[in-house]
Amino acid sequence: MSAGIISSFLVWAALLAFIFRIKNRPPRVRILIVVGIIISGLIPLSGLPIPLYIRAGIGDLSIVTQLLLSIYLINSLAGIYSTPARKVAYQQLCIFMLITGLWFYPTTLGLTYFDPYRFGYITDSMHWLILGYFFFGAIILLLLQSSWTSGILCIATLSFCVNSLESTNYWDHMIDPILMIGSIIFLMSSFIGQLKKKPEKKHPRQSF
Amino acid sequence: MLTPAPSHQFSVKHQDPPLDSSPTHTVPNVTPNVISNLVSRVINDDSARLVHAPAITQLNTGGLIATWWGGSREGGKDVKVYTSFFNPDSLTWDAPIAALTAKNTQEQTLRYIRKLGNVVITQDPEGTLHLFYVSVSFGGWAASAINWSTSFDEGQTWSASKRLITSPFLNLSTLVKGTPFFYADGSIGLPVYHEFAGKFAELLHVSTRGEVLTKTRMSKGKYSLQPVVHVSSPTNALALMRYAGPRDPYGNKKVLQTTTQDAGAHWSEPTFINIKNPNSAVALAHHNTLGKIGVFNDTNRDRYRLKLYQYNPDQRWSAVHSFEDKTPQALKVPQNYYEKTLSYDVSQFIVSKERKSRIVSRAIENMCENNQCEFQYDYPYLIQDKRGQYHLVYTWNKSAIKHISFTLNSANPASTLTTDKNL
């Protein structure tokens with residue numbers, strides 16, 4: 001099973017975990033919901049499981065998005081809440097990805113001859129530019145004390161080396177439009193949360 | 001400009017004649033060419049109401065294989081990709097085979113597929129057939145993606161389809177139409193186009209294992225699509241494109257042209273050539289003495305005319321032959337007149353009498369509304385076979401896939417092509 005197929009199942013599971021607010025449920029209910037999620041993801045609807053309809057619509061998600069979704073699901077299942085420092089790290093990653101998407105995606109519309117997407121192919125002589133760009137991003141995150149999200153970029157780069165996705169393009173392992181949407185939502189909710197200035201609720205289990 | 005590495009050079013078995021670089025005011029030296037051995041055939045059968053977008057390639061064994069899509073309507077769920085073989089001994093097309101459907105593409109690519117579309121085919125130097133075809137999961141053609149399937153037995157069986165990832169934006173909007181060609185290392189050059197926010201052409205460099213190696217933008221903006229490429233040397237090629245933009249100050253729309261001198265790494269700013277284009281597909285093939293020839297709907301509006309053009313030493317194109325011409329009936333015509341005209345046209349086809357009558361009925365079904373009918377001959381696809389003979393396939397009134405084989409000889413006998421056996 002390629003990472004691309006896994007990504008569609010992750011999206012389906014994350015969607016249901018969010019809808020059913022799985023993190024707030026008692027452990028036994030959580031297990032029941034998880035069983036429900038797994039069954040719903042495998043039952044064919046007109047010959048195809050629902051996640052493969054999602055795959056048709058949004059394609060294969062980047063490894064970065066898949067890692068973030070996996071973290072969200074693990075946290076939800078285990079009832080773990082992120083520490084304030086980790087939340088800041090995610091915000092920094094989202095800002096980096098948003099900045100990247102803001103200059104990258106308009107170039108895919110064909111308005112100019114400049115097409116950075118082609119630099120994502122390892123056979124292209126300029127591929128080092130994009131590798132360098134994300135290396136630079138990982139270093140910046142590291143300098144901002146965000147080794148966790150810097151590691152996410154490194155894992156995504158490693159996954160490119162082992163051809164984990166159908167795509168042979170480095171960009172597709174690092175970024176996707178769903179990550180852009182997710183980043184906007186996450187940053188906006190963080191911003192609104194800060195405006196409300198509620199004291200941070202302490203949870204007995206705080207991890208990633 | 002740096003010369004690309006040999007592996008990134010085009011594969012070319014011919015050399016173009018040198019271009020005339022003299023001032024354009026001189027009288028062009030246009031060699032008259034005559035078409036001969038012209039034979040018209042119909043490839044498809046009656047299994048699909050509407051057929052469109054044919055492609056053809058020659059097999060190493062000498063025959064031909066054609067492919068197209070057909071179904072109850074464009075974008076219908078029942079649309080299938082058909083293939084058919086041309087037997088070089090009996091000189092007939094075999095019964096078409098439904099090679100690919102939305103359902104089997106869905107099962108093989110593991111994602112929902114709603115409809116299939118344009119298809120192109122080529123055979124690599126190792127003998128493997130490569131089929132690239134468009135599919136859509138949600139929305140219209142702008143949401144297309146390309147799938148790839150291969151055959152190691154000259155089209156008898158096809159491998160499981162694989163999705164090509166060609167765009168970072170949800171892999172949306174990449175389509176095929178132009179004839180694939182080869183690089184020196186045996187990899188494939190696949191002309192593609194986008195029609196999502198803009199309409200522009202790209203060249204995909206694909207390995208024979210279906211991996212996208214790289215891609216290059218051939219044009220930009222919102223007006224150019226469906227590129228066809230003619231390779232003239234290991235580094236040089238010319239591409240023509242369908243024009244989807246507004247008319248020029250003289251009320252014309254013309255075919256776009258772009259060129260490369262570094263094996264497709266960079267392409268020139270597109271310019272118009274002297275052939276009109278009503279926003280319709282074009283075809284291009286090599287010619288041993290002229291360099292290249294093309295087939296075009298050379299009108300400003302609608303697709304009622306389909307003509308063969310030759311490329312002249314003065315870098316201008318001139319008409320050689322009309323395959324279809326309904327200029328006097330360019331506007332819609334009454335159904336009885338339409339039926340009479342088509343009945344005469346199909347009388348030239350090499351098919352049974354019953355089939356001829358069914359083709360006309362199908363054309364009336366597809367092209368007439370409220371007793372008003374229009375003529376449409378479009379989506380040409382042209383190849384030159386190993387003996388120098390040409391094979392043109394195109395959509396005939398959305399109801400037939402027409403195959404015309406012909407030779408194009410110089411009126412000057414000294415440069416006439418020799419063909420030992422005509423298909």
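The values are calculated or read from the model by the stated rules, or taken from the named source; none is laboratory data. In this text the structure is predicted, and so the values were computed from the model without any measurement. Cβ coordinates were reconstructed from backbone atoms using ideal geometry, including for glycine residues, and neighbour counts include every protein chain displayed.
Side notes on the structure shown:
- Taking region B:208-237 as the range and being part of a loop (DSSP other than H, G, I, E, B), under 21 Å from B:Ser280 (Cα atoms) and of a type outside the set (Phe, Trp, Tyr) as the test, the residues that pass are B:Met218, B:Ser219, B:Lys220, B:Gly221, B:Lys222.
- Filtering region B:238-258 to residues that are more than 14 Å from chain A (Cβ to nearest Cβ) and assigned to a loop (DSSP other than H, G, I, E, B) leaves B:Pro246, B:Arg247, B:Asp248, B:Pro249, B:Tyr250, B:Gly251, B:Asn252, B:Lys253.
- Residue in region B:129-140 that is modelled with pLDDT of 95 or more, over 18 Å from the mean Cα position of the chain (by Cα) and within 27 Å of B:Phe10 (Cβ to Cβ) present: no
- Scanning region B:198-220 for residues that are in contact (Cβ under 8 Å) with a residue 12 or more places away in the chain, out of contact with any strand residue (DSSP E or B) (no Cβ under 6 Å at 6 or more places or on another chain) and either within 8 Å of another protein chain (Cβ to nearest Cβ) or closer than 12 Å to B:Thr166 by Cβ (or both) turns up just one, B:Gly198.
- Residues in region B:352-375 that are surrounded by fewer than 13 Cβ atoms within 10 Å (Cβ to Cβ) and β-branched (Val, Ile, Thr): 0 in all.
- Checked against (1) over 17 Å from the mean Cα position of the chain (by Cα); (2) closer than 17 Å to A:Ile63 by Cα; (3) at pLDDT 95 or above, A:Tyr170 passes all but condition (1).
- Which numbered condition B:Ala263 fails, given (1) surrounded by fewer than 21 Cβ atoms within 10 Å (Cβ to Cβ); (2) within 14 Å of chain A (Cβ to nearest Cβ): (1)
- Qualifying position, being under 21 Å from A:Leu52 (Cα atoms), at pLDDT below 95 and within 12 Å of another protein chain (Cβ to nearest Cβ), among B:Leu164, B:Leu172: B:Leu172
- Residue check, A:Tyr133 more than 15 Å from the chain's Cα centre (by Cα), over 14 Å from B:Ile165 (Cβ atoms), modelled with pLDDT of 95 or more and of a type in the set (Phe, Trp, Tyr): yes
- Cβ-Cβ under 8 Å pairs, at least 6 apart or on other chains, region A:71-84 side surrounded by 18 or more Cβ atoms within 10 Å (Cβ to Cβ), far side in a strand (DSSP E or B) and among the basic types (Lys, Arg): none
- Within region A:118-175, the set of residues being assigned to a loop (DSSP other than H, G, I, E, B), within 28 Å of B:Leu172 (Cβ to Cβ) and polar (S, T, N, Q) comprises A:Thr123, A:Ser125, A:Asn163, A:Ser164, A:Ser167, A:Thr168.
- Check on A:Phe136, away from chain B (no Cβ under 14 Å), surrounded by fewer than 16 Cβ atoms within 10 Å (Cβ to Cβ) and either out of contact with any strand residue (DSSP E or B) (no Cβ under 9 Å at 6 or more places or on another chain) or not hydroxyl-bearing (Ser, Thr, Tyr) (or both): yes
Quick grid of which residues meet (1) within 10 Å of chain B (Cβ to nearest Cβ); (2) in contact (Cβ under 8 Å) with a residue 60 or more places away in the chain; (3) surrounded by 15 or more Cβ atoms within 10 Å (Cβ to Cβ):
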| site | (1), (2), (3) |
| --- | --- |
| A:Leu111 | yes, no, no |
| A:Pro116 | yes, no, yes |
| A:Ile130 | no, no, yes |
| A:Asn163 | yes, no, no |
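- Considering the conditions (1) small (Gly, Ala, Ser); (2) in contact with a helix residue (DSSP H, G or I) (Cβ under 8 Å, 6 or more places away or on another chain); (3) modelled with pLDDT of 95 or more, B:Ser361 is excluded by exactly one of them, (2).
- Within region A:42-100, considering residues that are in contact with a His (Cβ under 7 Å, 6 or more places away or on another chain) and not in a helix (DSSP H, G or I), the one farthest from the other protein chains (Cβ to nearest Cβ): A:Tyr81
- Residues of region A:93-109 satisfying the condition of being touching a helix residue (DSSP H, G or I) at 6+ places or on another chain (Cβ under 6 Å), surrounded by fewer than 18 Cβ atoms within 10 Å (Cβ to Cβ) and touching a residue at least 24 places away in the same chain (Cβ under 8 Å): A:Leu98
- Residue selection: B:Tyr223 fails the criterion of being more than 14 Å from chain A (Cβ to nearest Cβ), crowded, with 19+ Cβ neighbours inside 10 Å and either closer than 22 Å to B:Ile146 by Cβ or in contact with a Leu (Cβ under 9 Å, 6 or more places away or on another chain) (or both).
- B:Thr101 vs. criteria crowded, with 22+ Cβ neighbours inside 10 Å, within 14 Å of chain A (Cβ to nearest Cβ) and without any contact (Cβ under 8 Å) to a residue 60 or more places away in the chain: no
- Test for B:Gln335: is it under 25 Å from B:His52 (Cβ atoms), surrounded by fewer than 22 Cβ atoms within 10 Å (Cβ to Cβ) and either at pLDDT 95 or above or hydrophobic (A, V, I, L, M, F, W, C) (or both): yes
- Exclusive hit being closer than 25 Å to B:Gln108 by Cα, assigned to a helix (DSSP H, G or I) and modelled with pLDDT under 95, set A:Ile39, A:Ile31, A:Ile5: A:Ile5
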